[in-house]
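Undergrad: Dropping the structure in here first, questions after.
The values are calculated or read from the model by the stated rules, or taken from the named source; none is laboratory data. Treat the numbers as computed from the prediction; the structure is a model and nothing was measured. Note: ideal-geometry Cβ built from the backbone for every residue, glycine included; neighbour counts use all protein chains shown.
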Amino acid sequence: MTARDEDDVPTDVLDLLARALPVGTPRVDLRDRLLAQLAGRERFTPFLDRLMQLFDLEESATRIQLEAIVDPQAEWDEMGNGCSFRDFDGGPAIGEAHGGLVRVAPGSVFPQHRHVGEERMLILQGQVADEHGGHFRAGDEIVMGDGTTHELRVIGDQELIYAAVIVAIDFVVPEG
């Protein structure tokens, strides 16, 4: 059967074939190896193409930034309140904007801020909610327009990691 033939097979036939497969538990060594890969250095590789496009970077430059997420020696700037970031130059298509990676600890909030220029984000790990009712998780993209404001509250017990392209942000100081 060729790839083209697969498109012609009715979905109910494919469903029946899938149900005919034996159900079993994977071998312990295979399960452990798969789980180790999910937690290891390659866990963000499924986002590689999207990050290359977001940052307008070649594959090798994008992989360097992905490696920084899991490298304990990589330089991150601390913002306080459980937030840190890594700023870098993207390719020419992002113009005056900057590329960056952001980490926010479980239970923490990336503070209220106003966007100077458009912000584009790609959630790589974790879940986050904003005060506008948005709820986002790994794989979701968020676009915030120039002049918009929001804060990001981490949901659950997993660290939030996201990629962003921004021109600048101004932190909003609460009144009172």
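Undergrad: Does at least one position in segment 75-91 carry a residue that is among the polar types (S, T, N, Q), out of contact with any Asp or Glu (no Cβ under 9 Å at 6 or more places or on another chain), touching a residue at least 12 places away in the same chain (Cβ under 8 Å) and over 17 Å from Ile123 (Cβ atoms)?
TA: Yes: segment 75-91 contains one or more residues that are among the polar types (S, T, N, Q), out of contact with any Asp or Glu (no Cβ under 9 Å at 6 or more places or on another chain), touching a residue at least 12 places away in the same chain (Cβ under 8 Å) and over 17 Å from Ile123 (Cβ atoms).
Undergrad: Quick one: in segment 99-113, which of the residues that are within 7 Å of Gly82 (Cβ to Cβ) and among the hydrophobic types (A, V, I, L, M, F, W, C) is surrounded by the most Cβ atoms within 10 Å (Cβ to Cβ)?
TA: Residue satisfying both the conditions and the ranking: Val104.
Undergrad: Out of Arg120, Arg137, report the one residue that is among the basic types (Lys, Arg) and crowded, with 16+ Cβ neighbours inside 10 Å.
TA: The conditions single out Arg120.
Undergrad: Right, Gln158: closer than 21 Å to Met79 by Cα and under 14 Å from the mean Cα position of the chain (by Cα) or not?
TA: Considered against the rule, which asks whether it is closer than 21 Å to Met79 by Cα and under 14 Å from the mean Cα position of the chain (by Cα), Gln158 comes out as yes.
Undergrad: Same structure, new question: If you take the residues in segment 37-68 that are among the β-branched types (Val, Ile, Thr) and more than 16 Å from Gly139 (Cα to Cα), which one is surrounded by the most Cβ atoms within 10 Å (Cβ to Cβ)?
TA: For segment 37-68, the residue satisfying everything is Thr62.
Undergrad: Let me ask another. Give segment 122-152 a look and list any residue that's farther than 24 Å from Asp56 by Cα and part of a strand (DSSP E or B), or say none.
TA: Of everything in segment 122-152, those that are farther than 24 Å from Asp56 by Cα and part of a strand (DSSP E or B) turn out to be Gln127, Val128, Ala129, Asp130, His135, Thr149, His150, Glu151, Leu152.
Undergrad: If Gly117 passes every condition in (1) farther than 28 Å from Glu175 by Cα; (2) more than 18 Å from the chain's Cα centre (by Cα) but one, which one does it miss?
TA: Result: Gly117 passes all but (1).
Undergrad: Further question: Tell me, which strands (runs of 3 or more DSSP E) wholly within segment 32-119 include 2 or more residues that are out of contact with any helix residue (DSSP H, G or I) (no Cβ under 7 Å at 6 or more places or on another chain), under 17 Å from Ala163 (Cβ atoms) and of a type in the set (A, V, I, L, M, F, W, C)?
TA: In segment 32-119, 83-88, 98-104 are the strands (runs of 3 or more DSSP E) which contain 2 or more residues that are out of contact with any helix residue (DSSP H, G or I) (no Cβ under 7 Å at 6 or more places or on another chain), under 17 Å from Ala163 (Cβ atoms) and of a type in the set (A, V, I, L, M, F, W, C).
Undergrad: While we're looking at this one, here's another question. Just checking, which of Ala93, Ala129 is over 17 Å from the mean Cα position of the chain (by Cα) and modelled with pLDDT of 95 or more?
TA: Ala93
Undergrad: Let me ask something else about it. Filter segment 140-163 down to the residues that are under 28 Å from Ala93 (Cα atoms) and among the aliphatic types (A, V, I, L, M), then identify the one that is surrounded by the most Cβ atoms within 10 Å (Cβ to Cβ).
TA: Leu160
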